[in-house]
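The values are calculated or read from the model by the stated rules, or taken from the named source; none is laboratory data. Values in this document were obtained by computation on a predicted structure and should not be read as measured data. For neighbour counting, all protein chains shown are included, and Cβ atoms are generated from backbone atoms with ideal geometry for every residue, glycine included. Areas reflect the complete protein model, heavy atoms only, side chains present, ligands, DNA and RNA absent. Shrake-Rupley method; radii C 1.70, N 1.55, O 1.52, S 1.80 Å.
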Amino acid sequence: MAEEFFPHTSFRPGQREVLKRIREELTSTRILILRAPTGFGKTAVGIATGMMKPPAIHSVRTRNEITPVLRDLKKLSKRVRGVRYSFIHSAHAMCPLLSDKRIDPEDFWLNCQILRETGLCSYYAKSLSIAEEDIEDILATSENHVECVKRISRELGACPFFSLAKLARSSDYVVATYPYVFSRDLFSTIYPDEDPSEFSAIIDEAHMIIDPSSIFSSEISVVKIRSSINEVREYLGGDPFTEDLMERIAKLVEERARDEKLRRIDRASMGIDSDSIEHLIDVALEVKKRAIDRILTRGSISDAASKRISMVKVALSLALLEDSRFEAFTCKDGQSAWLKISAVDHSVVSEALQAYRSTLLMSGTPPSKEYIERILGLGGVSYIDAMEAGAWSPYSNMAVILTSQLTSRYIERGDAMYQLYSEYIEALDSIVKGVKLIVYPSYNFMRNVVERLSWRGYVEDRGSTIDDLEEGMRANGLIHVVAGGKLSEGIELVENGRSLIKSVFIAGVPYPQRDDYVEELLKNMRRKVPDREAWDYIYNMTSSIRAMQAIGRSVRSEGDRALIILGDRRFMAQDMRRYIGIRIGRIARNIVEFKSLVKLVAENFL
Ligand code: SF4
């Protein structure tokens, strides 16, 4: 019985019905898609599903999303005796020895490995000998995952990562950040002797899987590539092959990177093949070993754990190119040029999902069943819509206005259109009280509109974090973000149980930018589906998911109401409406109509 493992004593509308459907479907299906809106309580449903066939691994996108799952697991373990759970995220973020958290995870992992193998990490030694019950006690009595990590090192003197991994191996349910579920190598760091086929997987925010690069990619700056040359000279006294190769790649990246668009560079022009990758990895390992040895002769374990070697990240990123489903791209962010290695074939995602005994893909905006079957090539897929099963719909608490004068279409972009957008945004800001989330298709588009506003509010940049925003946020004002980013999909502004976001303005259809990465994706998708269908998935489906994710940040509970502005006439097109799935209430043909409609909604609905 799924209800037996439901963390709460009562059900929200639709939860019991969805669990019943899941139980029935799981007898014949391996992949289940669950469309569950905000407020449905999908975490509890995910846990009850995973507990039908434990062990289960529940993937969350960011560390911040671990604690809510732990809260439900704690409730479940109080209700059902003997349920054991754990959580895992990056070892470097948990390491008590690390004084510099800016180290790349791959780079840190080698430091950790050296310290473990040489017996120099006392925390590791302790984590091998402590009892699982002691870790379990700390987890059960900690407020959140951050406190739990601190207490394991402070009270038990043990390594949090390896202690929690130890607990995970005897647990029914484990919460882990994405990489531990999607990367076989990282999965093995928790479960060295188990196979994913023994696990049920619960994937939260599963709309992410439409973009393979959001899960399988690595970025390195030209600065990092050049500092790896210096490291080779400093620690090895030079290595002509590596130095020439690094310089050649750095120059190529600088030449090709012009703006934020990704431009492909082929392996041959970079001089990358299996032999060169093998050589780079050997060099990186040797540099790292010598750097750590040098530090250890002075005796500081903490310095050794924190020692950064750029060459490690560079070599491991380039090593991704051994897989023909990855490609190299360049782009420019401000003055810095970057090399990005990304998966361009969805089979990397399907391979990871197929490895599990069963997979539940949960999202407020999941991709369609056809997409999972035709693009990911997965069979035996079932689709469950929680709203059809009786869940409350947040969309019923939204008033939607479409502005037909606005569009972010490339051929219509220019000073006049940016000015128009800024006037609509200022009009909205002056009429609606509370936070207004303005969502743009790109940084460039956002900059052009924002610079025309007399009052700007908070403007996202590439380094922005949700914590920065929440700290600097006021109860009234504008937040400008880019669609598909961590702010537009992760921001949660709630006070006394009510959402502070009173309006979401989608300032242009957030199509993915047309660049070589998208071209490569399309090329691979066209091998599976006709051109028109591939185009529809890449552009219409992706932009609708991005828009709906941002819109979903406004109404977080039944007491919230929000005004949604679809600021692009292309949202009226049949193809877009099919995916967007919210009813357009009114259409404003000009700013005068817009102001009066917004006023009407502000006075009578919000
Ligand atoms: S405490 Fe030791 S074993 Fe644990 S992550 Fe840090 S270096 Fe590695």
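Some values worked out for this structure:
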| read-out | value |
| --- | --- |
| Residues that are of a type outside the set (A, V, I, L, M), within 14 Å of V381 (Cβ to Cβ) and surrounded by fewer than 21 Cβ atoms within 10 Å (Cβ to Cβ), drawn from the range 26-39 | S28, T29, R30 |
| Subset of the range 423-447 (residues that are hydroxyl-bearing (S, T, Y) and more than 23 Å from E260 (Cα to Cα)) | Y424, S430 |
| Residue within the range 419-441 that is within 23 Å of the chain's Cα centre (by Cα), farther than 23 Å from V494 by Cβ and buried (at least 21 other Cβ atoms within 10 Å of the Cβ) present | yes |
| Pairs with Cβ under 6 Å, 6+ apart, first in the range 380-394 and at positive phi, second open to solvent by 40 Å² or more (accessible area, probe 1.4 Å) | G380/R30; G390/P13; G390/E17 |
| Single match in I209, I215, I203, I229 (criterion: at pLDDT 95 or above, hydrophobic (A, V, I, L, M, F, W, C) and within 30 Å of the chain's Cα centre (by Cα)) | I203 |
| Sole residue being modelled with pLDDT under 95 and touching a Gly at 6+ places or on another chain (Cβ under 7 Å), chosen from E460, E470 | E460 |
| Options I401, I372, I425: the member that is out of contact with any Ser or Thr (no Cβ under 8 Å at 6 or more places or on another chain), in contact (Cβ under 8 Å) with a residue 24 or more places away in the chain and either aromatic (F, W, Y) or not assigned by TED's automatic domain parsing to the domain that holds R462 (or both) | I372 |
| Condition check for I33: more than 16 Å from the ligand (Cβ to nearest atom) and either assigned to a strand (DSSP E or B) or in contact with a Lys or Arg (Cβ under 6 Å, 6 or more places away or on another chain) (or both) | yes |
| Selected residue [assigned by TED's automatic domain parsing to the domain that holds G364, among the acidic types (D, E) and in contact (Cβ under 8 Å) with a residue 60 or more places away in the chain] from E17, E24 | E17 |
| Residue satisfying all of: in the range 141-153; part of a helix (DSSP H, G or I) and open to solvent by 50 Å² or more (accessible area, probe 1.4 Å); farthest from the ligand (Cβ to nearest atom) among these | T141 |
| Qualifying residue in the range 276-288 (condition: within 22 Å of S213 (Cα to Cα), aliphatic (A, V, I, L, M) and surrounded by 15 or more Cβ atoms within 10 Å (Cβ to Cβ)) | yes |
| 3 or more residues within 16 Å of the ligand (Cβ to nearest atom) and open to solvent by 50 Å² or more (accessible area, probe 1.4 Å): qualifying helices (runs of 4 or more DSSP H) within the range 50-138 | 105-117, 122-129 |
| Top-ranked residue in the range 168-200 [being more than 16 Å from the ligand (Cβ to nearest atom) and of a type in the set (V, I, T); ranked as nearest to the chain's Cα centre (by Cα)] | V181 |
| Any chance A165 is in contact (Cβ under 8 Å) with a residue 60 or more places away in the chain, more than 12 Å from the ligand (Cβ to nearest atom) and part of a helix (DSSP H, G or I) | no |
| Tabulated pairs, the range 444-457, first open to solvent by less than 40 Å² (accessible area, probe 1.4 Å), second charged (D, E, K, R) and not in a helix (DSSP H, G or I), C-beta under 6 angstrom, 6+ apart or interchain | V450/R456 |
| Test for S171: is it assigned to a loop (DSSP other than H, G, I, E, B), closer than 24 Å to V80 by Cβ and open to solvent by less than 30 Å² (accessible area, probe 1.4 Å) | yes |
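Every residue, every condition in (1) assigned to a helix (DSSP H, G or I); (2) open to solvent by less than 50 Å² (accessible area, probe 1.4 Å); (3) aliphatic (A, V, I, L, M), yes or no:
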| residue | (1), (2), (3) |
| --- | --- |
| A176 | no, yes, yes |
| D185 | yes, no, no |
| G238 | no, yes, no |
| F241 | yes, no, no |
| L245 | yes, yes, yes |
| L252 | yes, yes, yes |
